[in-house]
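The values are calculated or read from the model by the stated rules, or taken from the named source; none is laboratory data. Here the structure is a predicted model, which is why all the values come from computation and not from measurement. A quick note on method: Cβ atoms are made from the backbone with ideal geometry, for glycine too, and the neighbour counts reach across all protein chains shown. Accessible surface areas use protein heavy atoms only, side chains included; no ligands, DNA or RNA. Shrake-Rupley method; radii C 1.70, N 1.55, O 1.52, S 1.80 Å.
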Amino acid sequence: MRRFLTVLCLASLSLAGSALHAQEQVINLYSARHYPTDEALYADFTKATGIKINRVDSDDAGIVTRLKAEGSASPADVILLVDAARLWKGEVDGLFLPVRSKVLETAVPPQLHAKPKDDGGIAWFGLSTRARVVVYDKLKVNRQDVDTYEKLAEPVNKGRLCVRSGSHPYNLSLFGAMTEHLGPAPTEIWLKGLVTNMARAPQGGDTDQIKAVASGECAVALTNTYYLARLMRSSNPAEKAVADRVGVVFPNQQSWGTHVNVAGGAVARYAKNAPNAVKFLEYLVSPAAQNHFANGNNEWPVVKGLKLDNPALQAMTGGSFKSELVPISAVGMNQVKVQQMLDRVGFK
Ligand code: FE
């Protein structure tokens, strides 16, 4: 009997031990990154640290709704979102736990993370960037007519422009940046010019705009770079042909630089595994993870000085380009103002 009790005790001890162990070595990740190549990234983290990742995939809105509904009972430790305006909103809604990390503060340039709180804590960090560029029909359009965002609103481009909904976060962020560069009143005039120049009402996603240029429905469009890179690297000949037909311009290289948006991460407000959550974010700025963003999903690293090993990104830029330096948090903050402007100028 005594022997039996001992065995029982040992068994329950080891159960408790393994429960404790499991608790320490897990993070719960809520991710709006829906890129299949990210699987390898998560697997490498677990291999390197022993920390298991439980992942909940949803879109940005779904994650935010879930976090709000769960409140302080939320099991979320880390949150990954794919737009500056959404990250900014998550911060304002109190969904994040500001953290201090030498590694993150050194790796991520100041314009690509949240504004530090009074105690130095930072609510979210950009982890990869995507540029919002112009694609154009090489047969119909002179490159110099579309080499700035401002020119897209000029009469020369009348009836040429295809663009997704103005209210989509990628456009809200671009227009929010324009508001920083030009001021609100000139930005509203510019937006009105874009509406005047549209070849069709806003519809579809970025890839649809590129395809519409290739098919001749429009001659100029706005897209995030990774959508174009995907077509360039596609093994489908029809998609490659689309990419071949269009030219690409990184706008405003002679002035403030091309608009970049971020995908980023934060520690959840009620994280139960906050130290491991920070460890995961720190892993995402390591050279290996940053290369993964560039090669797997055709994004640009936030960390400077990494050699890009991505033929599509190389071909687009010749290796590098000038990106704007407005704080991405200010861009997020402008989104309400921008939406009001869009409503006034009839930009759907
Ligand atoms: Fe996207």
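Matching residues to (1) open to solvent by less than 20 Å² (accessible area, probe 1.4 Å); (2) within 19 Å of the chain's Cα centre (by Cα); (3) without any contact (Cβ under 8 Å) to a residue 60 or more places away in the chain; (4) within 23 Å of Gly296 (Cα to Cα):
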| site | (1), (2), (3), (4) |
| --- | --- |
| Arg55 | no, yes, yes, yes |
| Asp60 | yes, yes, no, yes |
| Val64 | no, yes, yes, no |
| Ile79 | yes, yes, no, yes |
| Asp83 | yes, yes, no, yes |
| Trp88 | no, yes, no, no |
| Ser101 | yes, no, no, no |
| Val108 | yes, yes, no, yes |
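Picking from residues in segment 219-242 that are closer than 13 Å to Gln209 by Cβ and hydrophobic (A, V, I, L, M, F, W, C), the one that is surrounded by the most Cβ atoms within 10 Å (Cβ to Cβ) is Ala221.
Condition check ((1) open to solvent by less than 20 Å² (accessible area, probe 1.4 Å); (2) within 16 Å of the ligand (Cβ to nearest atom); (3) under 23 Å from the mean Cα position of the chain (by Cα)) across all residues:
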site	(1), (2), (3)
Lys138	no, no, no
Val141	yes, no, no
Lys151	no, no, no
Cys162	yes, no, yes
Ser165	no, yes, yes
Trp190	yes, no, no
Asn197	yes, no, no
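Just to be sure before I move on: is Lys304 of a type in the set (D, E, K, R), in contact with a Pro (Cβ under 8 Å, 6 or more places away or on another chain) and either within 30 Å of Leu97 (Cα to Cα) or open to solvent by 20 Å² or more (accessible area, probe 1.4 Å) (or both) in the structure I sent? Spelling it out, Lys304 is indeed of a type in the set (D, E, K, R), in contact with a Pro (Cβ under 8 Å, 6 or more places away or on another chain) and either within 30 Å of Leu97 (Cα to Cα) or open to solvent by 20 Å² or more (accessible area, probe 1.4 Å) (or both).
Just one of the listed residues (Arg86, Arg55) is of a type in the set (D, E, K, R) and part of a strand (DSSP E or B), and it is Arg55.
Among the residues that make up segment 250-260, is at least one of them within 16 Å of the ligand (Cβ to nearest atom), under 20 Å from the mean Cα position of the chain (by Cα) and not aromatic (Phe, Trp, Tyr)? Steps first, please.
Just the residues of segment 250-260 that are within 16 Å of the ligand (Cβ to nearest atom), to begin with: 259-260.
Going one step further and asking which of them are under 20 Å from the mean Cα position of the chain (by Cα), we end up with 259-260.
Checking the rest, the ones that are also not aromatic (Phe, Trp, Tyr) come to 259-260.
Looking through segment 250-260, at least one residue is within 16 Å of the ligand (Cβ to nearest atom), under 20 Å from the mean Cα position of the chain (by Cα) and not aromatic (Phe, Trp, Tyr).
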